[in-house]
Amino acid sequence: MITKNEIERFVECSAKALTSQHERNGIGTLGERMLHLILKNFFEPDTHCHEQKVGRFVADIKNADGITEIQTRAFGSMRKKLAAFTKDHHVNVVFPISSQKYIIKIDPASGELSERRKSPKCGKPWDILYELYALRPIMPLDNVTFTLVFLEMDEFRVASGKSVGRRRGAVRYERIPTSLVDIMVLKTPEDMKQLIPPDLGDSFSAAEFAKAAKMTPRTAGYAIRTLVSLGVIEHTETKGKAYIYTKVGDAVQV
């Protein structure tokens, strides 16, 4: 659960970022996205600890607590970095999740903004499983904590003109968090069981997991394989063509 102090600090970090030179130059005009910048300042206000060289890599944050990496997507890109960092440091991987998202479209010709529309999609803890799948080659991981930050966000999209189904397409341009909702810290194997939808019992099939997690069968397959690699579940039996997975009592340390 988050504290009042954390909510207040997050508001301060957001306000500071939004009024900084980064924002005055325009949304997303610099290499660092606003979401990444706000989270970096939230987890470490001292900018002297930002962008620190560690070996042949650069850490988002390095302070007395260790290293913090803000990873909004593409976990596979940090495999080598994690393997190097964890030899001598504890690493906290921060992953933001949109618990509620509002869509704003930008007209590419005029720059005009559309009305703010509430997205029906709500992020859940198990959303990280698809990203964690890319780290399976280096699992189990020592000295790593995963911190899920649940946020309300405004997502700006630029109309691309390309058709998606029968609708015009749009490309995500920038995400700006508007409110801190919750923080979930995954330190222990037992913590990792929070990545299983609570509606599921101790045993379930991949199809049942997909339904409970509201995932496509393909995405659920990635999630299941990740949970197996984490030692959170194991394949215990087969019913017809369906594999049945069961939560394990003693999961593998990550």
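General remarks:
- Per residue, the average separation of C-alpha pairs within less than 8 Å and at least 6 apart gives the chain a relative contact order of 16 percent.
- Summed side-chain charge close to Ser229 - residues other than Ser229 whose Cβ falls under 14 Å, Lys, Arg +1, Asp, Glu -1: +1
- Stokes-Einstein diffusion for the chain at 4 °C, viscosity 1.567 mPa s, with a Kirkwood radius from C-alpha pairs, works out to 65 µm²/s.
- Gain upon complete extension [Glu6, Asp88; 0.36 nm per residue less C-alpha separation]: 26.6 nm
- For a modelled paramagnetic label at Ala159, 7 Å from Cα along Cα-to-Cβ, the residues of the range 101-140 in reach, with backbone nitrogen under 20 Å, are 102-119.
- Reference-scaled alpha-carbon Rg (2.2 N^0.38 Å with N residues) for the range 93-200: 1.31
- Simple spin-label estimate for Ser77 and Lys53 gives 2.2 nm between the two label positions (7 Å along the Cα-to-Cβ direction from each Cα).
- For Gln52, neighbours were defined as the other residues whose beta-carbon sits under 12 Å from its Cβ, and their charges (Lys and Arg +1, Asp and Glu -1) total -2.
- Scanning residues 5 or more positions from Phe146 or on other chains, those with amide H under 5 Å from its amide H are Val93, Leu186, with H placed 1.01 Å from N in the peptide plane.
- Surface accessible to a 1.4 Å probe, Asp65 within the full protein complex, Å²: 130 Å²
- Between Lys214 and Lys187, the simple spin-label model (points 7 angstrom out along Cα→Cβ) gives 3.1 nm.
- A Cβ-based charge dipole, computed about the Cα centre of the chain with Lys and Arg at +1 and Asp and Glu at -1, lands at about 1220 debye.
- Candidate lysines for bridging to Lys193, where Cα separation is under 20 Å - those fewer than 8 sequence places away on the same chain excluded: Lys124, Lys211, Lys214, Lys247
- For the residues Thr72, Thr19, Thr178, a GNM of the chain with alpha-carbon springs under 10 Å puts the largest fluctuation on Thr19.
- Of the trypsin sites (Lys or Arg not before Pro) found in the range 210-241, those that fall in a DSSP loop while having at most 12 other beta-carbon atoms within 10 Å are Lys241.
- Gain on full stretching of the segment that runs from Lys16 to Lys121 - 0.36 nm per residue minus C-alpha separation: 35.0 nm
- Neighbours of Ala206, meaning other residues whose beta-carbon lies under 12 angstrom from its beta-carbon, give a summed charge of +4 when Lys and Arg score +1 and Asp and Glu score -1.
- In this rough spin-label picture, where each label sits 7 Å from Cα along the Cβ direction, the Lys239-Glu152 distance is 4.1 nm.
- For the range 35-133, alpha-carbon Rg and Dmax in angstrom: 16.8, 51
The values are calculated or read from the model by the stated rules, or taken from the named source; none is laboratory data. Remember, predicted model here, so these are calculated numbers, not experimental data. Reconstructed Cβ throughout: ideal geometry from the backbone, glycine too, with neighbour counts over all protein chains shown. The accessibility values were calculated without ligands, DNA or RNA, using every heavy atom of the protein model including side chains. Shrake-Rupley method; radii C 1.70, N 1.55, O 1.52, S 1.80 Å.
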